[in-house]
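First comes the structure, then the notes that go with it.
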Amino acid sequence: MAKGILLLHGPNLNLLGARQPEIYGQKRLSDIDAAVKRHVSAYAIDLRAAQSNHEGALVDSLHAARDWADGVVFNPGAYTHTSLALRDAISAIERPVIEVHLSNVHGREAFRHKSLLAGVCLGQIAGFGWHGYILAVDALLRRWAMLSGPSEE
C-alpha cells in the first residue's frame with residue numbers, strides 16, 4: 001500500500017534562497033521540494049508539498065492530511081514558538097509529525113529554544129539545512145520499515 005507524506009512549510013519559507021542565506025541556505029523552497037520528491041521516488045510515496053504564511057491555512061493543511069497522509073514533515077517556522085493552534089492540530093490528526101528547522105534553533109536567540117510543538121511531534125531535526133527534510137523523510141520511512149538494513153530499535 002502506498003504511503004503519503006505531507007511536506008508542510010510555514011511562514012517566510014517562500015523566501016528561501018533570498019532571505020538570510022547565511023542562516024537558511026541558498027536553496028529555494030521549490031528546490032527543496034524537488035530534492036525530497038527525488039529522494040522518495042524509489043518508494044511508493046504520495047508526497048505533497050504546501051507552504052503558507054498563515055497559521056489557519058497550516059492548520060487546514062494538517063487537518064486535510066488526515067484523509068490521505070501517513071506522516072508529516074513540518075517546518076513551522078516562527079510558529080514553532082507561538083502556536084497552540086498548530087500544537088492542537090498536530091495532536092488532532094493522530095499522524096507522526098517530524099518538526100524540521102533549517103538552522104540550529106538552539107544555537108540562536110533564546111526565544112527560539114522553546115518549541116510549543118515538539119511535545120506532540122515524533123521528533124525534531126534542526127541545524128542540517130535543507131538536508132533536514134531528507135533526514136525527516138528517512139525517519140518516517142524507517143518507522144514504516146520501508147528502508148533496508150538492520151533495525152536500530
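The values are calculated or read from the model by the stated rules, or taken from the named source; none is laboratory data. It should be emphasised that the depicted structure is a prediction, and the values quoted were computed from it without experimental measurement. Here the Cβ is made from the backbone with ideal geometry for all residues, glycine too, and neighbour counts use every protein chain on show. The accessibility values were calculated without ligands, DNA or RNA, using every heavy atom of the protein model including side chains. Shrake-Rupley method; radii C 1.70, N 1.55, O 1.52, S 1.80 Å.
What are the GluC sites (Glu not before Pro) within the stretch 58-111 that DSSP puts in a loop, where the Cβ has at most 12 other Cβ atoms within 10 Å? Numbers along the way, then the final one.
Values: sites: E94, E99, E109; in loops: E94, E109.
Answer by residue number: E94, E109.
Per the helix-only calculation at 222 nm, which mean residue ellipticity applies to the chain, given -39500 (n - 2.57) for every DSSP H run of n ≥ 4 and division by its residues, nearest 500 deg cm²/dmol?
Working: 5 runs with 50 residues, N = 153.
Mean residue ellipticity at 222 nm (helix-derived): -9500 deg cm²/dmol.
For H101, what residues show an amide H to amide H distance below 5 Å, using hydrogens built from the backbone and excluding near sequence neighbours?
Here the answer is I125, A126, G127, since their amide H atoms fall under 5 Å of that of H101.
Straight distance only, please: which lysines reach the Cα of K3 with their own Cα at less than 20 Å, same-chain residues fewer than 8 apart left out?
K37
Starting from the amide H of A49, placed 1.01 Å from N in the peptide plane, find each other amide H under 5 Å away whose residue is 5 or more places distant or on another chain.
L7
Computed FRET efficiency, Cβ-Cβ of R28 and A110, R0 41 Å: what is it to the nearest 0.05? Display every interim value, and only then the final one.
Values: r = 29 Å, r/R0 = 0.72.
Rounded to the nearest 0.05, the efficiency is 0.90.
In the Gaussian network model of the chain, springs joining C-alpha atoms below 10 Å, which of S91, S30, S61 carries the largest mean-square fluctuation?
S30
Express in Å², to the nearest 10, the accessible area of L84 obtained by rolling a 1.4 Å probe over the protein heavy atoms while all chains stay in place.
It works out to around 110 Å².
Looking at T80, A69, I45, which one has the Cα that reaches farthest to the positive end of the dipole of the stretch 43-129 (charges on Cβ: Lys, Arg +1; Asp, Glu -1)?
The residue sitting most towards the positive pole is T80.
Can you work out ³J(HN,Hα) from phi for every residue in the stretch 39-45, in order, using Karplus 6.51 cos²θ - 1.76 cosθ + 1.60 and θ = phi - 60°, giving whole Hz and x for Gly and Pro?
4, 8, 4, 7, 10, 7, 10
About its Cα centre, what dipole magnitude does the chain give when the only charges are +1 on Lys and Arg Cβ and -1 on Asp and Glu Cβ, stated in debye to the nearest 20?
Values: 15 positive and 15 negative charges, 50 e Å.
Dipole size: approximately 240 debye.
Go through (i) 23; (ii) 42; (iii) 32 and flag the label whose value is the computed percent of Cα pairs over 25 Å apart for this structure.
Among (i) 23; (ii) 42; (iii) 32, the one derived from this structure is (i).
Applying the Karplus parametrisation 6.51 cos²θ - 1.76 cosθ + 1.60 with θ = phi - 60° to the phi angles of the stretch 46-55, what ³J(HN,Hα) value in whole Hz is obtained for each residue in order, glycine and proline being reported as x?
8, 9, 10, 10, 8, 9, 8, 8, 10, 4
Just need the relative contact order of the chain here, percent rounded to a whole number, with Cα pairs under 8 Å and 6+ apart. Walk me through the numbers before you get to the answer.
Values: 257 pairs, mean separation 37.5, N = 153.
Reported relative contact order: 25 percent.
Would you please name the chymotrypsin sites (Phe, Trp or Tyr not before Pro) within the stretch 62-136 that are DSSP coil residues with at most 13 other C-beta atoms within 10 Å of their C-beta?
Values: sites: W68, F74, Y79, F111, F128, W130, Y133; in loops: W68, F128, W130.
Those satisfying the criteria are W68.
Accessible surface of D46 in the full protein assembly, 1.4 angstrom probe, to the nearest 10 Å²?
60 Å²
Cβ under 14 Å from L62's Cβ, L62 left aside: what net charge do those residues give with Lys, Arg +1 and Asp, Glu -1? It would help to have the intermediate numbers written out before the result.
On the way: positive: R48, R66, R87, R95; negative: E55, D60, D67, D70, D88, E94, E99.
Computed value for this residue: -3.
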